[in-house]
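Below you'll find the structure, written out as structure tokens, and then a few comments.
The values are calculated or read from the model by the stated rules, or taken from the named source; none is laboratory data. The shown structure was predicted, so the numbers you read here are calculated from the model rather than taken from an experiment. Cβ: placed from backbone, ideal geometry, glycine included. Neighbour counts: every protein chain shown.
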Amino acid sequence: MIGVYASVTVGALAGVLAATRRLEDRLGSGAVLPCIRANRALACRLLSEARGLVRDRVGALAGELHHYLGWLLIQTGHPEQAQRELDAALALGMEFDDPDLASYALCTKSHLAWMLDDPPGVIALSRAASRDQRVFLAQHAENAYYEARGWAMVGEPAEVHRALRRADEFAERAVARQADAPPYLYWCGSGYFTLERGSAWHALADPRFAQQAATELINGLREMPEVERASEWAAIYHVRAAEAFTTAGQAEPALAQAHQALAVCRATRSTRLAHALGRACTRMRATWPTQVSVRELEDELRPLKIVRRPETE
């Protein structure tokens, strides 16, 4: 099958992958997961049959599909399956000497460690993702922002500052060369980097940094392109902004950010986003127990928290 049609087949799958990433921004992770699972399986079959120079292209594509499927499985609440896909992506990145893919896989494993409340894992994996100097600048920036978040989880503001300084230096250089970024890092612009800076301050869970976190998160969302700002993955930053405003004792902007996330949750039917928003509502209710608007928000959210996760097998 790989034969004379190899380039056409790989090119077509790569086109579908790029289009699906953009589709995810509109529809959410659950909607595109079955397509990516099928395409990953096809790419793996092609790789097993590939010979000669074309095998490098097939290996790179299979690695990207393993990685993207891992990301979608994280988003839809299947961390163990996600870990397997990310490990496969990392292995292919190493086999084919693709430093960007290997670093991207390690960084996403750091993200998964953060979701699983594993600060040492967040720090170690983000550092491992930064070891190869050939990696594109935007990925180096993301790695450093994740390391900052890991230090925030263990309450080390001095280390957060240090990691953020390094991340900001990479981010500034990456934005100047955004046109050179790998296509799968299309979202790594100045707005995303501002969001990650705000996320690190938010992860400190310290009232002294709450206003700074909220400001960075709001500024980052404003800088994002409209389509990405309305995506499932970007909406989680609205939730973080709501939490930061809650910590800062500001009810009105906290509720405004929560409603922004609620609108995306309704559009994408994201269970993960619904539960994150539910936790933010619980914090708001504890902070403002007599606030009617918080109870109304919880009532609007309640039906969305029982949405079934999409089938993944």
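Laid out as a table, the results:
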| item | result |
| --- | --- |
| Helices (runs of 4 or more DSSP H) completely within region 218-286 that count 3 or more residues being among the hydroxyl-bearing types (S, T, Y) | 232-247 |
| Residue check, A105 among the small types (G, A, S), out of contact with any Asp or Glu (no Cβ under 6 Å at 6 or more places or on another chain) and buried (at least 24 other Cβ atoms within 10 Å of the Cβ) | yes |
| Subset tally (residues that are of a type in the set (A, V, I, L, M, F, W, C), in contact (Cβ under 8 Å) with a residue 24 or more places away in the chain, under 24 Å from C107 (Cβ atoms) and out of contact with any Leu (no Cβ under 6 Å at 6 or more places or on another chain)) for region 15-46 | 2 |
| Tally, over region 235-273, of residues that are aliphatic (A, V, I, L, M), closer than 17 Å to E24 by Cα and in contact with a Leu (Cβ under 7 Å, 6 or more places away or on another chain) | 4 |
| Which listed residue, of R302, R309, is under 24 Å from the mean Cα position of the chain (by Cα) and at pLDDT below 95 | R309 |
| Of residues in region 141-192 being out of contact with any Leu (no Cβ under 8 Å at 6 or more places or on another chain) and basic (K, R), the one surrounded by the fewest Cβ atoms within 10 Å (Cβ to Cβ) | R165 |
| Members of region 183-202 found to be more than 23 Å from L72 (Cα to Cα) and at pLDDT below 95, listed by number | S190 |
| Criterion (in contact with a His (Cβ under 9 Å, 6 or more places away or on another chain) and either over 21 Å from G191 (Cα atoms) or among the polar types (S, T, N, Q) (or both)) met by exactly one of E80, E85 | E85 |
| Failed item, numbered, when Q133 is tested on (1) in contact with a Cys (Cβ under 6 Å, 6 or more places away or on another chain); (2) modelled with pLDDT under 95 | (1) |
| Residue check for S126: touching a residue at least 40 places away in the same chain (Cβ under 8 Å), under 27 Å from A276 (Cβ atoms) and under 16 Å from the mean Cα position of the chain (by Cα) | no |
| From A179, A141, A171, residue being in a helix (DSSP H, G or I), in the same structural domain as M115 (by TED's automatic domain parsing), over 19 Å from W233 (Cβ atoms) and of a type outside the set (S, T, Y) | A179 |
